[in-house]
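Here is the structure we will look at.
The values are calculated or read from the model by the stated rules, or taken from the named source; none is laboratory data. Only a predicted model underlies this, so the values are computations on that prediction, with no experimental measurement involved. No Cβ is skipped: glycine too gets one built from the backbone with ideal geometry, and neighbour counts run over all protein chains shown. What goes into the accessible areas is simple: the full protein's heavy atoms, side chains included, and nothing from ligands, DNA or RNA. Shrake-Rupley method; radii C 1.70, N 1.55, O 1.52, S 1.80 Å.
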Amino acid sequence: QVQVAESGGGWLQAGGSLRLACKVSGSILSDNKLGWYRQAPGKQRELVAQITSEDTTNYADAVRGRFTIPKDNAKSTVYLHMASLKPEDTAVYLCHADVPLPPVGRKRYWGQGTQVTVSS
């Protein structure tokens, strides 16, 4: 049913910019709460950015001011725009879509992740 697929990861040097994309299929994107997490080896998965169905955004302190989470409802795609990248940003980035499931609330779907590697 619902499919979540990330793309756009890669390797780049510190200070560069990168855009990740997350295509959500099987659901109306504007109905979903969407977000990005990341996980580096040996570290816990952490929130990067989220955007609600009401377009409220939430960013981790570590990325606020550098990352944004725009979305294109027509393309069923949410993005993560990353700028001024640092080696500390190196991680697998995972997209999630929280799909309405009334009356329970929402069901979360995860993508497989895309690797971002930032060298010094």
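Among L101, L85, L29, which one shows the highest mean-square fluctuation when the chain is modelled as a Gaussian network with alpha-carbon springs under 10 Å?
Of the options given, L101 has the highest mean-square fluctuation.
Gaussian network model of the chain, Cα springs within a sub-10 Å range: biggest mean-square fluctuation belongs to which of R38, R19, R106?
Result for the chain, Cα springs under 10 Å: R106 fluctuates most.
For Cα pairs less than 8 Å apart in space and 6+ apart in sequence, what is the mean separation divided by the residue count of the range 1-93, i.e. the relative contact order in percent?
33 percent
How many percent of the accessible area of the chain is carbon or sulfur, using a 1.4 Å probe?
Exposed carbon and sulfur together represent 49 percent of the surface.
Considering the chain as a Gaussian network with a 10 Å cut-off on Cα pairs, which listed residue, K23, K75, K86, attains the greatest mean-square fluctuation?
The residue with the greatest mean-square fluctuation here is K75.
Could you please report the charge total around A14, scoring K, R as +1 and D, E as -1 over all other residues with beta-carbon less than 11 angstrom from its beta-carbon?
Residues close to A14 contribute a combined charge of -1.
Residues with beta-carbon under 14 Å from that of E46, excluding E46: net charge, scoring Lys, Arg +1 and Asp, Glu -1?
+1
So what is the accessible area of the range 1-56 per residue, in Å², with the probe set to 1.4 Å?
Here the per-residue accessible area is 56 Å².
Exactly which GluC sites (Glu not before Pro) in the range 1-108 are in a DSSP loop and have at most 12 other Cβ atoms within 10 Å?
E54
Could you work out how far apart the two model spin labels at S120 and Q44 are, taking each label as a point 7 Å from the Cα in the direction of the beta carbon, and quote it in nm?
Simple spin-label model gives 2.6 nm for this pair.
In nm, to one decimal, how far is the modelled label at D72 from the one at Q3, with both set 7 Å along Cα→Cβ?
Placing both labels 7 Å along Cα→Cβ, they lie 1.9 nm apart.
Based on the Kirkwood radius over alpha-carbon pairs, what value in µm²/s does the Stokes-Einstein equation return for the translational diffusion coefficient of the chain at 25 °C and 0.890 mPa s?
Using the Kirkwood radius from Cα pairs, D works out to 172 µm²/s.
Mind counting lysine pairs for me in the chain? Cα separation below 18 Å, and the two need to be 8 or more apart along the chain or on different chains.
Lysine pairs satisfying the spacing and distance rule in the chain number 8.
List, largest first, the extents of the alpha carbons of the range 55-102 along their principal axes, each in whole Å.
39, 20, 19
Over the range 74-120, give the accessible area per residue in Å² for a 1.4 Å probe, as an integer.
Spelled out: the 1.4 Å probe surface of the range 74-120, per residue, equals 50 Å².
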